[in-house]
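Participant: There's a structure below that I have some questions on.
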Amino acid sequence: MTARVLDGKTLAEEIRRDLAIEVAELVQGGVQPGLAVVIVGDDPASRVYVASKGKACVEAGMHSETIRLPASATEAELLAVVDRLNADPTIHGFLVQLPLPKHISSERVLLRINPAKDVDGFHPMNVGRLSVGDRTAFRPATPFGVQQMLIRSGLETKGAHAVIIGRSNIVGKPMASLLVQDTPGGNCTVTICHSRSRDLPAIARLADILVVAIGKPEFVTPDMVKPGAIVIDVGINRVTDSSVAKGYRIVGDVAYGPVAAVAGAITLVPGGVGRMTI
Ligand code: NDP
C-alpha cells in the first residue's frame, strides 16, 4: 500500500481563501479584524513562524501587528504589552509566541491575556471551555489544524480509535480534547501516550488515527502502525545532513518513507501540519 498524502499546503490555502471571504464581510460591516503577535527574543524558528503569521493576516485582509521585545525584556515589560493589547479596540485577538525566555513565567503571562482575545486558546478559561465541548472556544492552532486536515480531507473520525503520542499542553492534550468531542472531526475513542507509557508500539498499532507530537526524529516506524491507518506527523526536527548545502534537513517524528508504505494516509514534514498551524 502507498499512503495518500495529506497536503497541508493546499488545505491551508483553501482555509485562507475561506477566511478572506469572512474578513471581507466583516470589513464591509465596518470592522477590520486585528491580530497581534508578541515575540520575545531571537529564536530563529519562532521568528520565521511569526513572520509567516503576519504575512498570512495581511493577505487575508486583516490588520496585523507584531510586537518584538528583546530577550532581556522583563516579565513586567511583557505584562505591560499584554495589558495594552487587552485594552486596544483595534486588536481583536493576540498571542504571545512560546517558548518565552526562562526568566519569564509563561503561566503568569498566559493568565494575563483577556480570554476573549486569547486566539491561541492557552488561557485556562479557554482550555476549560474546549474541554467541556464549548464550540465557540478558541482552539489551539496546531491540534485545530490537524482536525481541519482530517475534516477537509474527507476522512471519517466518528468511531475511530485515535492514539496521540505526546501529552503537551499545546499539542497532545488539546488534540485529545478536540477528537473526543461530539462534533464533526470528533467522536473518536482517544488514547494518549507519553514517555512513561508501557509498550507504546502495541498501543500505537491499535490506532485508526495516529497523531505523533513528541519531537523525536523518525521515532515512529512501520511496526508501530496498523496497515491503512491515518498517520499525522506534528514533529519538526532538525537533523544533520552533510549532503545538503545548509548542513541539515527537517524531518518529522515519523519515518516517512517506510511508514507511508503501510499507512492509508500520511502527512508530509515539512508541508503538512506546520502549514495548517499558521
Ligand atoms: P513537548 O516537548 O512539550 O512534549 C513532548 C511530548 O512527547 C511529551 O508529552 C513527552 O512525554 C512525549 N515524549 C517524548 N519522548 C517520548 C517517547 N520516547 N515516547 C513517548 N512519548 C514521548 O513537545 P511539543 O508538544 O511542544 O512538540 C512536539 C513536536 O511537535 C516537536 O517536534 C515540535 O517541534 C513539534 N511542533 C510542531 C508544530 C507544528 O505546527 N507542526 C507546533 C508545535 C510543536 P512526557 O510528558 O512523559 O515527557
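Participant: Taking Cα atoms, how many degrees apart are the long axis of helix 8-28 and the longest axis of the chain, rounded to 10 and kept between 0 and 90?
Facilitator: Here the helix axis deviates by roughly 30 degrees.
Participant: Still on this structure: Just to be sure I understand the model, the point goes 7 Å from the Cα along the line to the Cβ. What's the resulting residue 168 to residue 189 distance in nm?
Facilitator: Placing both labels 7 Å beyond Cα along the Cβ direction yields 2.9 nm.
Participant: If you don't mind, there's one more thing I want to ask. Which residues' amide hydrogens lie under 5 Å from the amide hydrogen of residue 6, considering only partners 5 or more residues apart or on another chain, with H built in the peptide plane?
Facilitator: Here the answer is 266, 267, 268, since their amide H atoms fall under 5 Å of that of residue 6.
Participant: Name the residue, out of 141, 45, 12, whose mean-square fluctuation peaks in a Gaussian network model built on the chain with Cα pairs under 10 Å.
Facilitator: Maximum among the listed residues: 45.
Participant: Let me ask you something else. Would you mind telling me the antiparallel percentage of the DSSP bridges in the chain, rounded to 5?
Facilitator: Looking only at bridges with both residues in the chain, the antiparallel portion is about 10 percent.
Participant: With +1 on each Lys and Arg Cβ and -1 on each Asp and Glu Cβ, and nothing else charged, work out how big the dipole of the chain is about its Cα centre, in Debye to the nearest 20.
Facilitator: Roughly 420 debye for the chain.
Participant: Where only protein heavy atoms count, and the probe is 1.4 Å, what is the accessible area per residue for the chain in Å²?
Facilitator: Using a 1.4 Å probe on heavy atoms only, each residue of the chain averages 49 Å².
Participant: Here's a follow-up. Please give every one of the aspartates and glutamates within straight-line cross-link reach of residue 102, meaning a C-alpha to C-alpha distance under 14 Å, and leave out same-chain neighbours fewer than 8 residues apart.
Facilitator: 42, 43, 75
Participant: Continuing with the same structure: Of the heavy-atom accessible surface of the range 142-278 (probe 1.4 angstrom), what whole percent is carbon and sulfur?
Facilitator: 55
Participant: Now a separate question. Collect residues whose amide H, placed 1.01 Å from N in the peptide plane, falls under 5 Å from the amide H of residue 119; neighbours closer than 5 in sequence don't count.
Facilitator: Correct list: 94.
Participant: What fraction, in whole percent, of alpha-carbon pairs in the range 201-278 exceed 19 Å separation?
Facilitator: For the range 201-278, the share of Cα pairs beyond 19 Å comes to 33 percent.
Participant: Here is a follow-up. From the phi angles alone, apply the Karplus equation (6.51, -1.76, 1.60; θ = phi - 60°) to the range 254-266 and give each ³J(HN,Hα) in whole Hz, x where the residue is Gly or Pro.
Facilitator: 10, 6, 3, x, x, 6, 4, 6, 10, 6, x, 8, 8
Participant: Something else about it: So who's got an amide H within less than 5 Å of the one on residue 138, skipping anything under 5 residues away but keeping other chains? H placed 1.01 Å off N, in plane.
Facilitator: Distant-sequence amide H within range of residue 138: zero hits.
Participant: Counting each DSSP H run of 4 or more residues in the chain as -39500 (n - 2.57), what helix-only mean residue ellipticity at 222 nm follows after dividing by all residues, to the nearest 500 deg cm²/dmol?
Facilitator: When only DSSP H runs of four or more count, the value is -10500 deg cm²/dmol.
Participant: So for the chain, what are the equivalent ellipsoid semi-axes in whole Å, largest first, each being the square root of 5 times an eigenvalue of the Cα gyration tensor?
Facilitator: 32, 22, 19
The values are calculated or read from the model by the stated rules, or taken from the named source; none is laboratory data. This one's a predicted model, so the numbers in the text were calculated from it and none came from an experiment. Counting neighbours? That spans all protein chains shown, and the Cβs are built from the backbone with ideal geometry, glycine included. Quick note on the areas: whole protein, heavy atoms, side chains included, nothing else; ligands and nucleic acids left out. Shrake-Rupley method; radii C 1.70, N 1.55, O 1.52, S 1.80 Å.
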